[in-house]
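J.: Structure incoming, see below.
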Amino acid sequence: MKAQDVFEHEWPYLLSFLPPSLDLDDSAFRTGALRRRREVDSASTLLRLIFAYSFCGLSLRQTAAWAEAANVAKLSDVALLKRLGHAHKWLALILGVKLAERASAAEHLPRGYRIRLIDATGISKPASIGTDWRLHLSYNLAAAG
């Protein structure tokens with residue numbers, strides 16, 4: 001099954017993975033992700049467009065065309081770009097709520113175990129060849145820090 005098919009036919013199922021305490025429309029409005037409801041009629045539709053663009057590997061123009069063909073939304077690639085540009089705080093909020101939900105599950109781990117998120121990246125000075133520094137970050141999910 002193609003990823004686009006999932007976003008077309010299985011969208012309600014995917015939404016069921018979001019925490020029930022999260023009000024998508026309210027949070028989108030509060031963070032500025034959904035300011036006007038013209039082409040994109042709900043926060044669920046905006047999230048669907050974001051996932052379709054980021055997960056399916058479509059260009060902005062292809063995502064806009066898919067959205068119109070699937071009766072999701074009718075908007076141009078430029079309008080979609082503007083919507084995506086305003087959604088970063090909202091996506092961070094959704095991710096934070098989902099991580100907090102998972103952190104409560106970490107309390108039930110066997111003694112001595114913990115869940116940590118770990119990331120590493122290489123940093124280079126301008127005009128440098130290769131990596132000058134390596135940055136490693138660790139986040140203890142249960143302790144929120």
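J.: Quick check on L75: is it within 25 Å of H9 (Cβ to Cβ) and either of a type outside the set (A, V, I, L, M, F, W, C) or in a helix (DSSP H, G or I) (or both)?
T.: So L75 fails the test.
J.: I've got another one for you. Would you confirm whether any residue within segment 78-90 is loosely packed, with under 11 Cβ neighbours inside 10 Å, modelled with pLDDT of 85 or more and closer than 19 Å to R30 by Cβ?
T.: Within segment 78-90, one or more residues are loosely packed, with under 11 Cβ neighbours inside 10 Å, modelled with pLDDT of 85 or more and closer than 19 Å to R30 by Cβ.
J.: Given (1) more than 16 Å from G96 (Cα to Cα); (2) at pLDDT 85 or above, identify the lone condition not met by E39.
T.: Of (1) more than 16 Å from G96 (Cα to Cα); (2) at pLDDT 85 or above, only one is false for E39: (2).
J.: So which residues in segment 35-72 are aliphatic (A, V, I, L, M) and within 14 Å of E8 (Cα to Cα)?
T.: Within segment 35-72, L46, L47, L49, I50, A52, A64, A65, A67, A69, A70, V72 meet the criteria.
J.: Now for a different question. What pairs can you find where one residue is in segment 1-13 and over 13 Å from L49 (Cα atoms) and among the hydroxyl-bearing types (S, T, Y), the other is outside any helix (DSSP H, G or I) and modelled with pLDDT of 70 or more, and their Cβ atoms are less than 7 Å apart, with a gap of 6+ or different chains?
T.: Listed pairs, sorted by first residue: none to list.
The values are calculated or read from the model by the stated rules, or taken from the named source; none is laboratory data. In this text the structure is predicted, and so the values were computed from the model without any measurement. Positions of Cβ are backbone-derived with ideal geometry, glycine not excepted, and every protein chain shown enters the neighbour counts.
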